[in-house]
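Here the structure is laid out as structure tokens; the discussion comes afterwards.
We did not get these values from a lab; they are worked out from the coordinates using the rules stated. Quantities reported herein were computed from a predicted structural model and do not represent experimental measurements. Reconstructed Cβ throughout: ideal geometry from the backbone, glycine too, with neighbour counts over all protein chains shown.
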């Protein structure tokens with residue numbers, strides 16, 4: 001207990017000294033030089049999380065490219081060594097970044113003061129930037145050398161220049177076990193966004209049967225893939241690198257995954273994205289080039305799957321005060337008497353077929369587009385957007401009974 005108390009006291013002293021020095025010395029200096037040089041300061045947030053490390057700066061650059069009030073300003077971002085060095089190198093080629101653990105701590109200590117001034121440069125990301133990831137072009141780029149390394153990786157996996165491939169990712173319990181030291185995998189339940197990769201096998205084999213390669217992505221996995229098909233490659237087990245984590249999703253025909261950050265490089269390069277087992281319900285995929293199918297919510301007392309209107313009535317499509325919404329670990333749904341149920345292999349296979357229709361320009365099954373529009377109407381906020389990701393049409397038609405209340 002004593003070390004914790006000492007650490008807390010030292011943190012308080014450091015925050016106090018930092019705040020005083022910033023208020024008395026640095027802030028007046030910034031106001032003094034403002035007429036001659038407009039300086040703005042921000043922070044790269046959530047750098048330990050692969051998806052956020054990419055999407056936050058990419059979104060900032062797209063907005064900057066599209067025109068903002070920052071024209072003429074000199075901005076700097078504070079960083080603390082992100083989870084993927086390849087991503088860091090790409091960001092530093094486009095944004096002025098200072099990497100320093102102590103400067104990051106100083107920034108965090110003074111941010112409450114800085115955020116109330118004109119010198120503060122926020123880098124928000126709300127997962128509803130549908131316009132930016134539909135209508136604006138990529139900003140972060142690979143160097144010629146990195147492109148060559150990526151091509152060498154593809155050749156090592158047996159993929160030629162005329163071949164096409166799809167990236168597949170399903171986050172499992174190993175992610176939380178490794179990231180948060182929660183104990184052995186046997187002690188863990190699946191998190192809200194975790195999935196069972198075996199449910200993706202039929203979809204993976206179907207894509208391979210269409211002539212493409214399937215690359216299983218991920219930094220962590222419960223185990224290697226079985227021998228499913230000659231064109232299904234276990235990149236996670238046999239080929240993984242920090243460059244590959246960014247390069248492959250950026251260059252695939254489409255990304256096929258779940259609600260995790262592994263698909264973020266695909267967003268970065270406007271690659272079509274699909275997500276099975278998408279959860280929680282407040283989220284959709286971003287942009288007009290994306291599809292998703294949600295996990296089911298089962299009422300434990302009644303032993304049945306909730307319909308979408310019932311889920312909307314409980315406020316789970318849009319956050320409301322008083323409800324503990326899911327982050328990574330289960331908990332809140334049990335308090336509401338609910339449990340998550342994963343999509344079936346057949347549902348996930350249908351999503352793969354929908355994605356192939358999208359990338360090849362084929363119309364969705366008859367009646368599917370009507371249900372897609374009806375599904376978005378359950379969102380009262382920004383996710384009810386014409387450019388937002390849409391529910392898979394085959395899934396919607398197969399489960400059209402979920403669009404009607406149980407008592408109707």
Length-normalised contact order of the chain, Cα under 8 Å, at least 6 apart, in percent, tallies to 15 percent
Between helix 144-156 and the chain, what is the angle of the helix's C-alpha long axis to the longest principal axis, kept within 0 to 90° and rounded to the nearest 10? 30 degrees
Percentage relative contact order, the range 76-116, counting C-alpha pairs under 8 Å, at least six apart: 49 percent
For the chain, the longest principal axis of the Cα atoms and the Cα long axis of helix 50-66 enclose an angle in degrees, to the nearest 10, of 70 degrees
For the range 242-288, what's the relative contact order in percent, using C-alpha pairs closer than 8 Å and at least 6 residues apart? 34 percent
Connecting C-alpha atoms closer than 10 Å in a GNM of the chain, tell me which of 90, 204, 355 has the biggest fluctuation. 90
Need the full-extension length gain, residue 341 to residue 151, defined as separation in residues times 0.36 nm minus the C-alpha distance. One decimal, nm. 64.5 nm
Max mean-square fluctuation residue, GNM over the chain, Cα-Cα springs under 10 Å, options 384, 270, 66: 66
Taking log10 I(q)/I(0) by the Debye sum over Cα atoms at q = 0.07 Å⁻¹ straight from the coordinates, which label in [x] -0.38; [y] -0.44; [z] -0.52 is the correct one? [x]
Simple spin-label model, 7 Å along Cα-to-Cβ: residue 118 to residue 196 in nm? 5.9 nm
For every helix of n ≥ 4 consecutive DSSP H residues, a contribution of -39,500 (n - 2.57) applies; sum these over the chain, divide by its total residues, and give [θ] at 222 nm rounded to the nearest 500 deg cm²/dmol. -11000 deg cm²/dmol
Using Cα-only point scatterers and the Debye equation, what is log10 of I(q)/I(0) for the range 2-125 at each q in 0.19, 0.21 Å⁻¹, rounded to two decimals? -1.13, -1.27
What is the Cα centroid distance between the range 105-145 and the range 22-46, reported in whole angstrom? 17 Å
Take each of the peptides 131-139, 247-255, 334-342, average the number of other beta-carbon atoms within 10 Å over its residues, and list them starting from the highest. 247-255, 131-139, 334-342
Need one number: % antiparallel among DSSP beta bridges in the range 234-370, to the nearest 5. 45 percent
Tilt, helix 101-114 to longest principal axis of the chain (alpha-carbon atoms), in degrees rounded to tens, equals 80 degrees
Extension reserve of the residue 14-residue 209 stretch, reckoned as 0.36 nm per residue once the Cα distance is removed: 64.2 nm
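Determine the percent antiparallel among the DSSP beta bridges restricted to the chain, to the nearest 5.
Roughly 20 percent of the DSSP beta bridges within the chain come out antiparallel.
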For residue 300 paired with residue 105, estimate the spin-label separation in nm (one decimal), with each label point 7 Å from Cα along the Cα-to-Cβ line. 4.2 nm
Can you sort 351, 126 by how many other beta carbons sit within 10 Å, fewest first? 126, 351
Taking other Cβ within 10 Å of each residue's Cβ, how do 283, 144, 163 sort, fewest first? 144, 163, 283
Can you sort 108, 80 by how many other beta carbons sit within 10 Å, fewest first? 108, 80
Taking R0 as 56 Å, what's the FRET efficiency between residue 65 and residue 400 from their Cβ-Cβ distance, rounded to 0.05? 0.85
